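The structure appears below as structure tokens.
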Amino acid sequence: MITSRLAWPLLSLTLVLTACPAPPTPPVVVCPQGLSSLAADPAGQSAPGAEPGAVLRALAATVPGAVDWDAPHVPGEVLVIAGGAGTSGLSAQGLAALSGVRTQGVLGSLSRAFTPAGETDQAFAARLAAAGLRVQPNFVYRALATPNDPGFPGNGGVTIATGSGDQQVTQTYLTRIRAPQAWNFLAGCGKTPVGAKTAVVDSALDAGHVELNGRIAEQASFLNVETGTTTNVHATAAAGAIGAATNNGKGLAGVSWNVPLMSVEVLGTSGTTTAVLARGLNYAVEKGARVINMSLGGARDPSKPTDPGDSVLNSALSAAAKSAVLVAAAGNTAQDGVYYPASHPDVLAVGALGNSDTALACYSARPNTVFKRALDVVAPGGAGYGRCPGTTATQDMLLLAPEDQYELAAGTSFSAPLVSGVVALMRAANPGLSAAQTRTLLLSSLNKANKLPMLDAEAAVRAATR
């Protein structure tokens, strides 16, 4: 995330919905028949396909694949997948292999097994696999950010000043994705731009921020010693892009004016792990999330496969996708292909546009001859000041920062929440849509005029209500 703190007073932004023009001018908004009778279900409690324990059951059916032991993972432990709860589903041979080994339950059939002294993690895993156990590393994932830029939190920030004083910055990304047109369409149909329950699977967020206060439906933290301590900068920005308080005369506007947000804390100062992320996904599904935003990914060796072999997370993602639309940032290195978990087939991989709608930002992940996984959607992510040539600080995205502050930032971490916000509008406008139907309608409504799959909020909402 490329960041620079802003020093000016809070911006005043009042959003006004206008009625459709009266005849003889043809109405701008044409509501599909029956739309006004649709009851929005922001909480997502009746989400089609939502089943308690779906992620947990998927873990029990996990089939390990090829594993990249060079990918970042928690040292001194491996993950063991049993056939039932805890280690009770293990065979006698498997239990014997774990005799004397310290274990800790994570989620249902998933446990951590701590590597005995004098043995490498890979050798330990091989020994357990030889005994018939399903084993893999506890992979490490981190917030998708651009840490070398001076504006990244902790690096001092960038002061935005001119000879005439501080500059006023607007959310040009909202008009670029046609969010106002989507809001006006819903207003013409007698509906406000509410959103379905959306989980921000990320760092902690500042729930007391004036733009988020009272908007957090659930909060849970799954941090442990491997993830490090809490931080709230990254998720505060992502959550604000999805659903900051809107039409309140303060600060900025979210894509969805009123959306129940879930704060699912999995990212700490050291990132997150397979085990922690799987627990977070399970929690989001159990609590009825209909959209799950993941602005995170795994750093890896560019010569290795995009998926490091994380069978546990693969299963958790596939299970969650049955009831929730999964959205993930594609990554902030242009040469390494789409990062995982965005590269998972059940996840919408989101790339970043820079200051133009005709080209990806210089930092945005993209397919190449080695890593061919395509971007599903692209959305504004900030120009990349300090990294992309010819850019200025005010071309980055205006976002929330902790303690009632605002910041300029760039990265696919902030393109993904724009997509999540639009998906939340779609699923609230038509609660009867399944996750798979919503995903298909979103992809069919993209603006490809510039040969890029650009997010179009109005087209997506219209498609969802037909």
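The values are calculated or read from the model by the stated rules, or taken from the named source; none is laboratory data. Given the structure is predicted, the values throughout are model-derived calculations rather than measurements. A quick note on method: Cβ atoms are made from the backbone with ideal geometry, for glycine too, and the neighbour counts reach across all protein chains shown. Note: areas computed on protein heavy atoms with side chains; ligands, DNA, RNA excluded. Shrake-Rupley method; radii C 1.70, N 1.55, O 1.52, S 1.80 Å.
Within the set of pairs 6+ apart or on separate chains, which have a first residue in the range 214-227 that is over 27 Å from Trp257 (Cβ atoms) and open to solvent by 70 Å² or more (accessible area, probe 1.4 Å), a second that is outside any loop (DSSP other than H, G, I, E, B) and among the small types (Gly, Ala, Ser), and C-beta atoms under 8 Å apart?
So the pair list comes out empty.
Within the bounds of the range 323-340, is there any residue that is without any contact (Cβ under 8 Å) to a residue 40 or more places away in the chain and of a type in the set (S, T, N, Q)?
Within the range 323-340 (the criterion being without any contact (Cβ under 8 Å) to a residue 40 or more places away in the chain and of a type in the set (S, T, N, Q)), the answer is yes, since at least one residue qualifies.
Based on what the data block shows, is Ala374 under 19 Å from the mean Cα position of the chain (by Cα), of a type outside the set (S, T, N, Q) and in a loop (DSSP other than H, G, I, E, B)? Don't jump to the end; show me each part of the working.
Details: under 19 Å from the mean Cα position of the chain (by Cα): yes; of a type outside the set (S, T, N, Q): yes; in a loop (DSSP other than H, G, I, E, B): yes.
When the stated conditions are applied, Ala374 passes them.
Take the conditions under 16 Å from the mean Cα position of the chain (by Cα), among the hydrophobic types (A, V, I, L, M, F, W, C) and either at pLDDT below 95 or farther than 25 Å from Gly240 by Cβ (or both) and apply them to Leu399. Does it pass? So that I can check it myself, show each step before the final result.
Numbers: under 16 Å from the mean Cα position of the chain (by Cα): yes; among the hydrophobic types (A, V, I, L, M, F, W, C): yes; either at pLDDT below 95 or farther than 25 Å from Gly240 by Cβ (or both): yes.
Judged against the criteria, Leu399 is a match.
Yes/no matrix, rows are residues, columns are (1) polar (S, T, N, Q); (2) modelled with pLDDT of 95 or more:
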| position | (1), (2) |
| --- | --- |
| Glu226 | no, no |
| Glu265 | no, yes |
| Asn282 | yes, yes |
| Glu286 | no, yes |
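With open to solvent by less than 40 Å² (accessible area, probe 1.4 Å), polar (S, T, N, Q) and over 18 Å from Lys287 (Cβ atoms) as the only criterion, which of Thr236, Thr231 stands out?
Thr236
Which condition breaks for Tyr283 when tested against (1) open to solvent by 10 Å² or more (accessible area, probe 1.4 Å); (2) in a loop (DSSP other than H, G, I, E, B)?
Every condition holds for Tyr283 apart from (2).
Go through (1) over 17 Å from the mean Cα position of the chain (by Cα); (2) at pLDDT 95 or above; (3) open to solvent by less than 10 Å² (accessible area, probe 1.4 Å) and name the single condition Glu407 misses.
Among (1) over 17 Å from the mean Cα position of the chain (by Cα); (2) at pLDDT 95 or above; (3) open to solvent by less than 10 Å² (accessible area, probe 1.4 Å), the lone unmet condition for Glu407 is (2).
What tally of residues in the range 343-371 results from selecting those that are among the aliphatic types (A, V, I, L, M), touching a residue at least 40 places away in the same chain (Cβ under 8 Å), in a strand (DSSP E or B) and crowded, with 22+ Cβ neighbours inside 10 Å?
Matching residues across the range 343-371 total 5.
Restricting to the range 319-337, count the residues that are among the β-branched types (Val, Ile, Thr) and either at pLDDT 95 or above or not in a loop (DSSP other than H, G, I, E, B) (or both).
2
Go through Pro180, Pro147 for me and flag whichever is part of a loop (DSSP other than H, G, I, E, B) and either modelled with pLDDT of 85 or more or not polar (S, T, N, Q) (or both).
Pro147
Looking at (1) closer than 27 Å to Phe222 by Cα; (2) in a helix (DSSP H, G or I); (3) at pLDDT below 90, find the lone condition where Gln122 falls short.
So Gln122 meets the others, but not (3).
Would you pick out the residues in the range 298-318 that are of a type in the set (Gly, Ala, Ser), modelled with pLDDT of 85 or more and assigned to a loop (DSSP other than H, G, I, E, B)?
Correct list: Gly309 only.
Conditions (1) of a type in the set (A, V, I, L, M); (2) in contact with a Cys (Cβ under 7 Å, 6 or more places away or on another chain); (3) within 18 Å of Thr175 (Cα to Cα), marked per residue:
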site: Ala383; (1), (2), (3): yes, no, yes
site: Cys388; (1), (2), (3): no, yes, no
site: Thr394; (1), (2), (3): no, no, yes
site: Pro402; (1), (2), (3): no, no, no
site: Gln405; (1), (2), (3): no, no, no
site: Ser420; (1), (2), (3): no, no, yes
site: Pro431; (1), (2), (3): no, no, no
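Inside the range 212-266, can you point out the residues that are part of a helix (DSSP H, G or I) and within 30 Å of Glu77 (Cβ to Cβ)? Before the answer, list the steps.
Filtering the range 212-266 down to residues part of a helix (DSSP H, G or I) leaves 233-243.
Of everything in the range 212-266, those that are part of a helix (DSSP H, G or I) and within 30 Å of Glu77 (Cβ to Cβ) turn out to be Val233, His234, Ala235, Ala238.
Would you please name the residue that is surrounded by the most Cβ atoms within 10 Å (Cβ to Cβ), looking only at residues in the range 199-211 that are part of a loop (DSSP other than H, G, I, E, B) and under 14 Å from the mean Cα position of the chain (by Cα)?
Ser203
State all residues of the range 97-120 that are among the hydroxyl-bearing types (Ser, Thr, Tyr) and open to solvent by less than 30 Å² (accessible area, probe 1.4 Å); if no residue qualifies, say none. It would help to see each step written out before you state the result.
Of all residues in the range 97-120, those among the hydroxyl-bearing types (Ser, Thr, Tyr) come to 99, 103, 109, 111, 115, 120.
Selection gives Ser109, Ser111, Thr115.
Can you pull out every residue in the range 412-462 that is out of contact with any strand residue (DSSP E or B) (no Cβ under 8 Å at 6 or more places or on another chain), among the small types (Gly, Ala, Ser) and buried (at least 21 other Cβ atoms within 10 Å of the Cβ)?
Residues satisfying the conditions are Ala429, Ala457, Ala460.
Scan the range 244-262 and tell me whether some residue there is more than 28 Å from Pro431 (Cβ to Cβ) and in contact with a strand residue (DSSP E or B) (Cβ under 6 Å, 6 or more places away or on another chain).
No, the range 244-262 has no match at all.
From the list Val201, Val194, which residue is closer than 30 Å to Ala393 by Cα and of a type in the set (Val, Ile, Thr)? Steps first, please.
Working: Val194 fails: closer than 30 Å to Ala393 by Cα.
None of the others qualify; the one that does is Val201.
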